[in-house]
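Read through the structure below, which is laid out as structure tokens, and then see the notes.
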Amino acid sequence: MTDVQVSDAPDNHRFEARNPDGELLGFSVYDTIGTTVVFTHTEVDPAFEGQGIASTLVQAALDSVRASGRDVVAFCPYVKAWLGRHPDYQDLVRAPQG
């Protein structure tokens with residue numbers, strides 16, 4: 001699907017993907033701990049699955065995190081898998097402490 005608009009909805013702790021009419025297509029939920037954005041869940045409306053919405057959503061969310069100078073922890077299986085397929089985003093992944 002083209003014309004997917006992704007924006008941060010910090011009051012809802014999620015990035016949202018919408019079509020040009022403003023209809024919610026999907027979202028990726030996060031928590032913020034210091035400078036780390038922890039992605040916990042990504043969901044796309046079943047009516048829009050298989051159209052690349054989740055990939056567009058996650059890429060835009062991660063681009064936003066990068067632009068803000070923060071890092072990422074991916075507990076969400078989709079975000080974790082997406083990061084695994086995109087080595088150019090590995091610099092965002094917070095290294096384990098210890």
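The values are calculated or read from the model by the stated rules, or taken from the named source; none is laboratory data. Computed from a predicted model, the values in this text were never measured in an experiment. Positions of Cβ are backbone-derived with ideal geometry, glycine not excepted, and every protein chain shown enters the neighbour counts. Remember, those area values only see protein heavy atoms, side chains included, never the ligands or the DNA or RNA. Shrake-Rupley method; radii C 1.70, N 1.55, O 1.52, S 1.80 Å.
Numbers at a glance
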{"quantity": "Selected residue (criterion: surrounded by the fewest Cβ atoms within 10 Å (Cβ to Cβ)) from residues of region 1-60 that are among the small types (G, A, S) and under 19 Å from R85 (Cβ atoms)", "calculated": "G50"}
{"quantity": "Hey, G69 modelled with pLDDT of 95 or more, on the phi > 0 side of the Ramachandran plot and among the small types (G, A, S) or not", "calculated": "yes"}
{"quantity": "Given (1) over 11 Å from the mean Cα position of the chain (by Cα); (2) in contact (Cβ under 8 Å) with a residue 12 or more places away in the chain, index of the condition A17 fails", "calculated": "(1)"}
{"quantity": "In region 57-98, the residues that are touching a Leu at 6+ places or on another chain (Cβ under 7 Å) and not in a helix (DSSP H, G or I)", "calculated": "D71, V72, A74, V93"}
{"quantity": "Unmet criterion (only one of (1) of a type in the set (S, T, Y); (2) open to solvent by 50 Å² or more (accessible area, probe 1.4 Å); (3) out of contact with any strand residue (DSSP E or B) (no Cβ under 6 Å at 6 or more places or on another chain)) for Y89", "calculated": "(2)"}
{"quantity": "Residue that is nearest to D3 (Cα to Cα) [pool: residues in region 61-72 that are small (G, A, S) and surrounded by fewer than 15 Cβ atoms within 10 Å (Cβ to Cβ)]", "calculated": "A67"}
